[in-house]
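Enquirer: Handing you this structure, nothing more for now.
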Amino acid sequence: MPHPSVQTSQSTERRPRPPTRPHLITSDAEAVASAQALAARLVDGASRRDRERLLPWEEIEWFTASGLGGITVPRAFGGADVSHDTVAQVFAILAAADASVAQIPQNQFGVLALVREAASPAQQARLYADILAGHRIGNAGPERHGRAITHVTTQLAHGPHGLVLSGQRYYSTGAIFAHWIPTRAVDASGRPVLAFVRRDGPGVEVVDDWQGFGQTTTASGTVRFDAAPVDPDVLIDLSPLAGRPGLAGPRSQHIQAAIDAGIAAGAVDAALDFVRTKTRAWPFTVASATEDPYIIGEIGRLEIDLHAAQEVLARAGRVLDRIAPVTAESSAEASVAVAEAKILTTEIALEAAERLTELAGSSSTREAYNLGRYWRDARVHTLHDPVRWKYHLLGNYTLNGALPPRHQWN
């Protein structure tokens, strides 16, 4: 078997299946139940997929077929438009079972949040209909040019037969499994746009060169556009967003925090199971590891920290749900609430994943158990955006009344 960093012909040549209409979820309760049912299927093979870096092609088809990909589509367009708290619960449930599978659709939800805020009604109707018909949206992530992560040189231009896109993007989670790959670009006048390109269209290359030591099967690799045709009907002008407050950033960050909460919950569950079934008691102390007072105390502390993070995550969802209208102040309130959740879920994900092996004992480090994947996933996913800036955001807002900058990481 090749090393995970080695590109294989299977991973670069395989394409997603044509879309088929998924189940239509109609309520929050059904969304949570569907996530629980899917998580039960995901958990069995999660360790093997991580260890052997088996991309979850079939598992992503399960996700799409479940209807979970369309739960944020507004009711006016045929979706369930579930609450933000429900979205967070769905992602946390999936991440507890397999954090890589949970991360893959996060960009679809982020793009749909942008569609809600920036697309025309006709564009919304088109894209929402595609999602409810089983189309998946991937991601063409940031560039590596310049010092700022927001720097964009990917160019939209007029080709012989219409608009085309050229550029190279990285950290493109979900692109390899997608039907649509949207990316931020600039047009000939320098205007920022969101351009949609078909995954199977000419001039599109998705390279599975992701080499992270965690979140190993997200296939967050490279996308290259070489005069790739752009659908002009769903070309979204992003320039109005610069001067208008919105919730796309907090919505995206809320999902990131939910994934971290799920990793933490998975690590705590793994620790409980191992201590109950495999960990041996320290000699000359107690008869069973489950009677060790120090293990008991540490488990209690982890539970408290996990529940605190989960509750602040849920509170952030409730803040997002009640904001109307969206103003500079209410958008800032949402960013602050989500930042608080992101801080706590980051901390508990790393802490629970670290404590897992300490509480379970030396035998838990055997490769056969692969329990190290929880820490690797937590460490990699929590680097998505620096939590140190969340502390600064909160302190500056609390002390100086400074509204957080508006972008997709806030």
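The values are calculated or read from the model by the stated rules, or taken from the named source; none is laboratory data. Everything numeric in this text was worked out from a predicted model, so none of it was measured. Please note: Cβ atoms are built from the backbone with ideal geometry, for glycine as well, and neighbour counts cover all protein chains shown.
Enquirer: Can you find, within the stretch 359-374, the residue that is farthest from Ser330 (Cα to Cα) among those that are touching a residue at least 60 places away in the same chain (Cβ under 8 Å) and assigned to a helix (DSSP H, G or I)?
Expert: Checking each candidate, the answer is Ser363.
Enquirer: On to the next question. Which one is surrounded by the fewest Cβ atoms within 10 Å (Cβ to Cβ) among residues in the stretch 242-256 that are in contact with a Lys or Arg (Cβ under 9 Å, 6 or more places away or on another chain) and closer than 18 Å to Arg322 by Cβ?
Expert: Only one residue tops the list, namely Gly246.
Each row is one residue, and each column tells you yes or no for (1) over 21 Å from Leu320 (Cα atoms); (2) touching a Leu at 6+ places or on another chain (Cβ under 9 Å).
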| residue | (1), (2) |
| --- | --- |
| Ser27 | no, no |
| Leu38 | yes, yes |
| Leu55 | yes, no |
| Phe63 | yes, yes |
| Gly70 | no, yes |
| Ala88 | no, yes |
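Enquirer: So Val319 clears everything in (1) without any contact (Cβ under 8 Å) to a residue 60 or more places away in the chain; (2) among the aliphatic types (A, V, I, L, M); (3) over 23 Å from Ala264 (Cβ atoms); (4) crowded, with 17+ Cβ neighbours inside 10 Å except one condition, right? Which one?
Expert: Among (1) without any contact (Cβ under 8 Å) to a residue 60 or more places away in the chain; (2) among the aliphatic types (A, V, I, L, M); (3) over 23 Å from Ala264 (Cβ atoms); (4) crowded, with 17+ Cβ neighbours inside 10 Å, the lone unmet condition for Val319 is (3).
Yes or no, residue by residue, for (1) in contact with a helix residue (DSSP H, G or I) (Cβ under 7 Å, 6 or more places away or on another chain); (2) buried (at least 17 other Cβ atoms within 10 Å of the Cβ):
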site: Leu313; (1), (2): yes, yes
site: Ser335; (1), (2): yes, yes
site: Glu347; (1), (2): no, yes
site: Ser362; (1), (2): no, no
site: Trp375; (1), (2): yes, yes
site: Pro386; (1), (2): no, no
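Enquirer: Quick one: which of Ser66, Ser47, Ser34, Ser27 is in contact (Cβ under 8 Å) with a residue 12 or more places away in the chain and either farther than 25 Å from Val82 by Cβ or touching a strand residue (DSSP E or B) at 6+ places or on another chain (Cβ under 6 Å) (or both)?
Expert: Only one candidate passes the filter, namely Ser47.
Enquirer: Being of a type in the set (Lys, Arg) and closer than 20 Å to Ile60 by Cβ: is that true of Arg136 here?
Expert: yes
Enquirer: I'd like to verify a number: residues in the stretch 52-69 that are surrounded by 15 or more Cβ atoms within 10 Å (Cβ to Cβ) and closer than 15 Å to Asp98 by Cα, how many?
Expert: Within the stretch 52-69, residues that are surrounded by 15 or more Cβ atoms within 10 Å (Cβ to Cβ) and closer than 15 Å to Asp98 by Cα number 10.
Enquirer: Using beta carbons and a limit of 8 Å, which pairs, at least six apart or on different chains, have the first residue in the stretch 162-182 and touching a residue at least 24 places away in the same chain (Cβ under 8 Å) and the second one aromatic (Phe, Trp, Tyr) and part of a helix (DSSP H, G or I)?
Expert: The qualifying pairs are Phe177/Trp57.
Enquirer: If you scan the stretch 81-118, which residues turn out to be surrounded by fewer than 21 Cβ atoms within 10 Å (Cβ to Cβ) and in a loop (DSSP other than H, G, I, E, B)?
Expert: Residues satisfying the conditions are Asp81, Ser83.
Enquirer: Oh, and also: List the number of the failed condition for Tyr171; all other conditions in (1) at pLDDT 95 or above; (2) surrounded by 19 or more Cβ atoms within 10 Å (Cβ to Cβ) hold.
Expert: (1)
Enquirer: Specify the residue that is surrounded by the most Cβ atoms within 10 Å (Cβ to Cβ); the eligible residues are those in the stretch 174-205 that are of a type in the set (D, E, K, R) and in contact with a helix residue (DSSP H, G or I) (Cβ under 8 Å, 6 or more places away or on another chain).
Expert: The extreme case among them is Arg199.
Enquirer: If you take the residues in the stretch 390-407 that are surrounded by fewer than 19 Cβ atoms within 10 Å (Cβ to Cβ) and touching a residue at least 12 places away in the same chain (Cβ under 8 Å), which one is nearest to Leu194 (Cα to Cα)?
Expert: Per the criteria, the residue is His407.
Enquirer: Inside the stretch 20-43, can you point out the residues that are surrounded by fewer than 15 Cβ atoms within 10 Å (Cβ to Cβ) and either part of a loop (DSSP other than H, G, I, E, B) or modelled with pLDDT under 95 (or both)?
Expert: Answer for the stretch 20-43, where residues must be surrounded by fewer than 15 Cβ atoms within 10 Å (Cβ to Cβ) and either part of a loop (DSSP other than H, G, I, E, B) or modelled with pLDDT under 95 (or both): Thr20, Arg21, His23, Leu24, Ser27.
Enquirer: Return the total of residues in the stretch 77-93 being among the hydroxyl-bearing types (Ser, Thr, Tyr) and under 14 Å from Ala35 (Cα atoms).
Expert: Of the residues in that region, 1 qualify.
Enquirer: Looking only at residues in the stretch 119-140 that are closer than 19 Å to Gly67 by Cβ and part of a loop (DSSP other than H, G, I, E, B), which one is modelled with the lowest pLDDT?
Expert: Gly138
Enquirer: Test each condition in (1) surrounded by fewer than 21 Cβ atoms within 10 Å (Cβ to Cβ); (2) closer than 18 Å to Asn107 by Cα; (3) modelled with pLDDT of 95 or more for Phe213 and report the one that comes out false.
Expert: Every listed condition holds for Phe213 apart from (2).
Enquirer: Return a yes/no flag: does the stretch 245-265 have any residue that is farther than 24 Å from His84 by Cβ and not polar (S, T, N, Q).
Expert: There is no residue in the stretch 245-265 that is farther than 24 Å from His84 by Cβ and not polar (S, T, N, Q).
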